[in-house]
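All remarks here apply to the structure that follows.
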RNA sequence: CCAGGGGUGACGGAGUGGCCAAUCGUACUAGACUGUAAAUCUAGCGGGUUUUCCCUACGGAGGUUCGAAUCCUCCCCCCUGGA
């Protein structure tokens, strides 16, 4: 068994691993359109099942030919199950929200009550027509004790089995072949309890998936990444599985995880940070000079600082994005200061190119 | 020249005898953001290495008062009408 080399799309594309797919939760990468995304050499995106189910609805997207056609995107697409959103809303807002073996019931202020279940998640994901579907899981909250974590693991496994069955039925019904069907990803829970993570991994492998995801909140309560968890999952997973760090992460975390044998990542950081005026820049003069395994290989750049009001230089010379090749720092500073949307667009484009360069570097070294 | 209004910290703009180093907004500075309830949120923003304390401050100079950004007098400047 060999480690996978590509992420295959249902349209027959082969995207070389490792990959980073930024989050287009509601079928839009905030501030960008699909051709902007292409310009950043980003190979794929993540959309969210729950959000698209809420709006515009599974049936609508299905009739419009799936998310790929809907948003005119021809790269890879992963659909997240919606479990994470639903769970974080249900578990953190308390009240009448409840997680049972059947699914999750919750109510957001100003909206009607929602019951989200594994069945519904798979059904919606199949309507979205994505390249990877993720099982609906029960996420282990940060800091959960062993007993609590075990509960979430048991439920996650129960739901994983259910999702797998439904997925197989759907493939059979649609007469999908090994090549034309999407991946199905299991999600490992168990918090920081390593034995439990190992057990969860093994039991998911017994059910059988194309890959496994690093589930739960991506970082520990102190904000540090728990690499032991990543290692334990790796050690208990067959070589030919895809390993996917759900919601991960910072550039240096991704480097370490790739070196640990992980292949797929998604995270809101580059896009959200861009809108929040944090740009990522390599500590290098040119793209060739970037060393992603150096100690501090990147820094943050705050675009609208007074120092940059009259700065004619590009944000980074180790970048070939639209922003860095065309505009001076002074212009970006101006756009942020006047609050124009173009600031968010250019900054997002830059950060996405930063991440795509990162993955290119990791692929070749 | 006459009548009326006004001068507050980088800017806009509250406050009209003590609870005022002075509401609030902007700007600025720093920080946060990890399967997006987030183009958001938090903190600081006159000075001081004794900090529930001292100093300097609300156009300027005097004065009233136990106490003034707030009241009085004069001066300087700005705005709006009228000559």
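Projecting label points 7 angstrom from Cα along Cα→Cβ for residue A:326 and residue A:240 puts them 4.5 nm apart. Computed from the C-alpha gyration tensor, the three semi-axes of the ellipsoid equivalent to chain A are 34, 23, 21 Å, from longest to shortest. Using the Cβ-Cβ distance between residue A:174 and residue A:296 with R0 = 30 Å, the FRET efficiency computed as 1/(1 + (r/R0)^6) comes to roughly 0.05. The relative contact order of the stretch A:6-267 comes to 17 percent, based on Cα pairs under 8 Å that sit 6 or more residues apart.
Distance between the 7 Å Cα→Cβ label points at residue A:28 and residue A:195: 5.0 nm. Across the stretch A:273-364, the relative contact order, built from alpha-carbon pairs under 8 Å that are at least six residues apart, equals 32 percent. With contacts taken as Cα pairs under 8 Å at a separation of at least 6 residues, the stretch A:63-175 carries a relative contact order of 26 percent. Take the Cα radius of gyration of the stretch A:88-156 and divide it by 2.2 N^0.38 Å, N being the number of residues; the result is 1.22.
Relative to the current alpha-carbon distance between residue A:252 and residue A:145, full extension at 0.36 nm per residue lengthens the span by 35.7 nm. Counting only DSSP beta bridges with both residues in chain A, the antiparallel share comes to about 35 percent.
If R0 equals 45 Å, the separation of the Cβ atoms of residue A:340 and residue A:154 corresponds to a calculated FRET efficiency of about 0.35. Here the spin labels are modelled as points 7 Å beyond Cα on the Cα-Cβ line, and at residue A:74 and residue A:107 they lie 4.7 nm apart. Taking each residue as 0.36 nm, the span from residue A:38 to residue A:207 lengthens on full extension beyond its C-alpha to C-alpha distance by 57.2 nm.
A short reminder: the numbers here are calculations on the coordinates, not readings from a lab. In this text, all values refer to a predicted model and were calculated from it rather than measured experimentally. A quick note on method: Cβ atoms are made from the backbone with ideal geometry, for glycine too, and the neighbour counts reach across all protein chains shown.
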